[in-house]
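Right, one structure below, let's go through it.
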Amino acid sequence: MKRWLITLLLGGFVGACGSEPDPSDPSDTSSSSLSDITNSVDGGLTDVAEVSSDGAAAQDTSTADTPASDLGSEAMDVDSTIDAEAHGGVWSLQVPCSNKGPEIYTLTAADVDTTQPAGTVVGCVLDGVIPPEKVAQALQFVGLEGTGGIEMRRITYLTKRSFGEVALATARVLLPDTPPEGPASVVVVTHGTAGLADQCAPSRVPIPHVMGIPFAGTDTVVVLPDYAGLGNEGVQGYHDSHDTAYSVLDSLKAVHDMLDPALLSKTYAVMGHSQGGAAALYAQGLANEYAADFDLEAVVAFSPGWTSSAIPDKSLYATPQYFPVTLGAGVPMAALAFSHYADAYNHVDAADPGLYFSDEWRETIVDWIETECVSTIAANFMELGDGLTAMDIFDPVFLMVSLSCLQGEAGCTEPTQSHIERRKAHYIPMDVAGAPALIIQGMADKQTTPAKAACKVKAMKEGGFTPSVSVDPLATHFDVVKLNLGLAVAWIKGHVNETMLPTWSFDAAVLPACD
């Protein structure tokens, strides 16, 4: 039987380059309460376990201040525990896995040979195991059976940044506790918006997200990248589609660098939600060019925040007074803050990442971003009240010059001109000759609204790419993964194993008109 290793892309509430809600579009709002988003920022499934980590190799004290709620965890009745014992298992590794937990995050580009290819693993730590009975409990949720456990590793690997530098990224890897009989294809699971502070990196949390379990529990290797600069040296390229896609595709290469080539096939798939859905679709657009040695077979994007045009929306710059800081329970404003901080840090002046913010709020916003994760920052914006808007938070000169640049008017000066050009460049069209994609959309989604989804599907079709679309009439942004994970797993397995594909009741025809 054809085996496969899948790189699973976990989504986020808002995400890299155009994820939802679109922070530059005040019409893209949410009526969700703050309690809705603090418990499920990325709308993902429950983590499979509460961790008991007293083993020296598995324990990483840097995770202590990172609550799972910041990473999109959602309660599910699976009584499971990750064993603290971290062991080498039977997988043949091509790299030593001898680091201690915190070491993979403190490595810098200056510590390693950056002339090596992207995807080269430069750090590895043993990370505990999930026992077979606990894996079986999680697999029941999506109608699968499994008899094995899962071994975990955390790795540091070389990747490319959108600004041209070679850098490091970190990831968690899930391995079946027994290698499959034949070569495993490869899926990537990427996370959603967590924040930009180092402690927000998902791999620093001891428990893995349950989206990886249906694959790692059934003879598949799963890698969950953090994105370069999140959790380690530098700053994540938040809202930077190329920067994120490089981290995703290089994590795939890293798994192949880490394991004996005889154990892996070149086949892989990608799956994600919201920010991760956008990342999955961007990876599809770049895969044939950036990861030409591998075969992308399928992409699933739950409520994706894919950017559908190279023409940026100008609502933020034209009417900032209509963008209250409490919009969408504070999350859209947090997303705006992340994206502008990251752009300034990575492309303008790392010593002044708050240069796009107003004099009054610059120090406060920068402090939040550098010390807190997304749910806390969203809550902070909610506490400021409806009286404040984007007009108060952002530098008025920056807003005015940005609008001039978008409208091609005089007065478009640096560094704002380059900022707008980068926003335009974040658009990555779907590869018409690339892998098929399934978009799963909830009709009750108030973040990636059905009308917004219709616009994305329309734009893809106008570009020559027709996605498959499954519409859940009841799903929200936060439970669309939980309600439809079984469909996604079956669709990916069908494409990878060349077996019958699943069917569903509602497709793009039930979406409203593009707004």
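The values are calculated or read from the model by the stated rules, or taken from the named source; none is laboratory data. Just so we're clear, the structure is a prediction, and the values are computed from it rather than from any experiment. Here Cβ is always computed from backbone atoms with ideal geometry, including for glycine, and neighbour counts include all displayed protein chains.
Would you confirm whether any residue within region 84-100 is modelled with pLDDT under 90, over 25 Å from the mean Cα position of the chain (by Cα) and on the phi > 0 side of the Ramachandran plot?
Checking region 84-100: at least one residue is modelled with pLDDT under 90, over 25 Å from the mean Cα position of the chain (by Cα) and on the phi > 0 side of the Ramachandran plot.
Only one of these is touching a residue at least 60 places away in the same chain (Cβ under 8 Å) and either charged (D, E, K, R) or more than 28 Å from Trp91 (Cα to Cα) (or both): Tyr227, Tyr246, Tyr268, Tyr282. Name it. Before the answer, list the steps.
Numbers: Tyr227 fails: either charged (D, E, K, R) or more than 28 Å from Trp91 (Cα to Cα) (or both); Tyr246 fails: either charged (D, E, K, R) or more than 28 Å from Trp91 (Cα to Cα) (or both); Tyr268 fails: either charged (D, E, K, R) or more than 28 Å from Trp91 (Cα to Cα) (or both).
Going through Tyr227, Tyr246, Tyr268, Tyr282 in turn, just one is touching a residue at least 60 places away in the same chain (Cβ under 8 Å) and either charged (D, E, K, R) or more than 28 Å from Trp91 (Cα to Cα) (or both): Tyr282.
Do we find that Asn288 is in contact with a strand residue (DSSP E or B) (Cβ under 9 Å, 6 or more places away or on another chain) and in a loop (DSSP other than H, G, I, E, B) in this structure? Step through it out loud before you land on a result.
Numbers: in contact with a strand residue (DSSP E or B) (Cβ under 9 Å, 6 or more places away or on another chain): yes; in a loop (DSSP other than H, G, I, E, B): no.
Criteria not met by Asn288.
Residue-by-condition table, conditions (1) in a helix (DSSP H, G or I); (2) in the same structural domain as Asp250 (by TED's automatic domain parsing); (3) within 29 Å of Thr449 (Cβ to Cβ):
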site	(1), (2), (3)
Ala301	no, no, yes
Gly305	no, no, yes
Phe338	yes, no, yes
Ala350	no, no, no
Thr376	yes, no, yes
Leu399	yes, no, yes
Leu403	yes, no, yes
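Residues checked against (1) surrounded by 24 or more Cβ atoms within 10 Å (Cβ to Cβ); (2) assigned to a loop (DSSP other than H, G, I, E, B); (3) touching a residue at least 12 places away in the same chain (Cβ under 8 Å):
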| residue | (1), (2), (3) |
| --- | --- |
| Ile155 | yes, no, yes |
| Leu158 | yes, no, yes |
| Ala169 | yes, no, yes |
| Arg172 | yes, no, yes |
| Pro180 | no, yes, yes |
| Leu196 | yes, yes, yes |
| Pro206 | yes, yes, yes |
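Yes or no, residue by residue, for (1) within 30 Å of Cys412 (Cβ to Cβ); (2) modelled with pLDDT of 95 or more:
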{"residue": "Thr267", "(1), (2)": "no, yes"}
{"residue": "Met271", "(1), (2)": "no, no"}
{"residue": "Gly276", "(1), (2)": "no, no"}
{"residue": "Tyr282", "(1), (2)": "yes, yes"}
{"residue": "Glu297", "(1), (2)": "no, yes"}
{"residue": "Trp306", "(1), (2)": "yes, no"}
{"residue": "Ser315", "(1), (2)": "yes, no"}
{"residue": "Gly328", "(1), (2)": "yes, no"}
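For Ile440, which of the numbered conditions (1) under 18 Å from Val300 (Cα atoms); (2) assigned to a loop (DSSP other than H, G, I, E, B) fails to hold?
Result: Ile440 fails condition (2) only.
Of everything in region 350-361, what is farther than 16 Å from Leu230 by Cβ and in contact (Cβ under 8 Å) with a residue 24 or more places away in the chain? Give them in sequence order.
Leu355, Tyr356, Phe357, Ser358, Asp359, Glu360, Trp361, listed by residue number.
Can you name every residue in region 362-375 that is in contact (Cβ under 8 Å) with a residue 12 or more places away in the chain and farther than 12 Å from Tyr341 by Cα?
Thr371, Glu372, Cys373, Val374, Ser375
Taking the criterion of being surrounded by fewer than 18 Cβ atoms within 10 Å (Cβ to Cβ) and of a type in the set (Phe, Trp, Tyr), would at least one residue in region 484-496 satisfy it?
Filtering region 484-496 for residues surrounded by fewer than 18 Cβ atoms within 10 Å (Cβ to Cβ) gives 486, 494.
Remaining after also requiring of a type in the set (Phe, Trp, Tyr): none.
No.
Just checking, which of Val457, Val432 is in contact with a strand residue (DSSP E or B) (Cβ under 9 Å, 6 or more places away or on another chain), among the β-branched types (Val, Ile, Thr) and farther than 21 Å from Ala490 by Cα?
Working: Val432 fails: in contact with a strand residue (DSSP E or B) (Cβ under 9 Å, 6 or more places away or on another chain).
Answer to the check: Val457.
Please go through region 149-162 and pick out each residue that is out of contact with any Cys (no Cβ under 9 Å at 6 or more places or on another chain) and at pLDDT 95 or above.
Tyr157, Leu158, Thr159, Lys160, Arg161, Ser162
Per-residue answers, yes or no, for (1) closer than 17 Å to Ala435 by Cα; (2) assigned by TED's automatic domain parsing to the domain that holds Pro214; (3) assigned to a helix (DSSP H, G or I):
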{"site": "Val471", "(1), (2), (3)": "no, no, no"}
{"site": "Thr476", "(1), (2), (3)": "no, no, no"}
{"site": "Leu485", "(1), (2), (3)": "no, no, yes"}
{"site": "Thr499", "(1), (2), (3)": "yes, no, no"}
{"site": "Phe506", "(1), (2), (3)": "no, no, no"}
{"site": "Asp515", "(1), (2), (3)": "no, no, no"}
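If a residue must be among the hydrophobic types (A, V, I, L, M, F, W, C), touching a residue at least 24 places away in the same chain (Cβ under 8 Å) and in a helix (DSSP H, G or I), how many such residues does region 405-435 contain? Write out each step before concluding.
Pass one, region 405-435, residues among the hydrophobic types (A, V, I, L, M, F, W, C): 405-406, 410, 412, 420, 425, 428, 430, 432-433, 435.
Now narrow it down to the ones that are touching a residue at least 24 places away in the same chain (Cβ under 8 Å): 406, 420, 425, 428, 430, 432-433, 435.
With in a helix (DSSP H, G or I) added as a condition, the list becomes 406, 420, 425.
The total comes to 3.
Can you report the number of residues in region 122-138 which are surrounded by fewer than 22 Cβ atoms within 10 Å (Cβ to Cβ) and either in contact with a helix residue (DSSP H, G or I) (Cβ under 7 Å, 6 or more places away or on another chain) or modelled with pLDDT of 95 or more (or both)?
Within region 122-138, residues that are surrounded by fewer than 22 Cβ atoms within 10 Å (Cβ to Cβ) and either in contact with a helix residue (DSSP H, G or I) (Cβ under 7 Å, 6 or more places away or on another chain) or modelled with pLDDT of 95 or more (or both) number 1.
Looking at the structure I just gave you, is Ala425 surrounded by fewer than 19 Cβ atoms within 10 Å (Cβ to Cβ) and more than 23 Å from Ala310 (Cβ to Cβ)?
no
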